[in-house]
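Notes follow the structure.
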Amino acid sequence: MCTSSGTLGHSFSYGKADAATIIAHDPVLADCVATAACNMVKREENIHRAIEFSMSIEGVEGVVIIIGGKIGIKGKIKLV
């Protein structure tokens with residue numbers, strides 16, 4: 001699992017997602033896809049496209065993307 005953010009932390013991001021979290025067995029894959037998904041999200045309307053992109057990558061099992069007051073979830077995600 002890896003999370004990338006365009007609004008939190010010190011790392012540079014092209015995106016504006018508060019969080020783009022990817023679930024995958026391979027942590028390197030999760031990191032790469034989380035970064036790419038975060039970079040795709042500039043506004044709330046981009047959530048769906050970033051989720052579909054992420055889930056199209058072999059090995060990605062789930063995705064959560066948050067920006068502002070919106071959240072998008074797909075795949076093997078259990079909210080508790």
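Bear in mind these aren't lab numbers, they're just calculated from the coordinates by the rules spelled out. None of these values were measured; they are calculated from a predicted model. Quick reminder, even Gly has a Cβ in these numbers, built from the backbone with ideal geometry, and neighbours come from all protein chains shown.
Ordered by the count of other Cβ atoms within 10 Å of each Cβ, fewest first, SER4, SER56 give SER56, SER4. Annotation: extensible slack from TYR14 through MET55 equals 12.7 nm (criterion: 0.36 nm per residue apart, minus Cα-Cα distance).
Think of it as helices only: each DSSP H run of n ≥ 4 in the chain is worth -39500 (n - 2.57), and spread over all residues that comes to -9000 deg cm²/dmol at 222 nm. When each of ASP26, ASP18 is scored by the number of other beta-carbon atoms lying within 10 Å, the sequence from fewest to most is ASP26, ASP18. Over the chain, Cα pairs under 8 Å with separation of 6+ residues give a relative contact order of 29 percent.
The residues LEU8, LEU29, when put in order of fewest to most other Cβ atoms within 10 Å, stand as LEU8, LEU29. Taken about its Cα centre, the range 21-74 carries a charge dipole of roughly 280 debye when the Cβ of each Lys and Arg holds +1 and the Cβ of each Asp and Glu holds -1.
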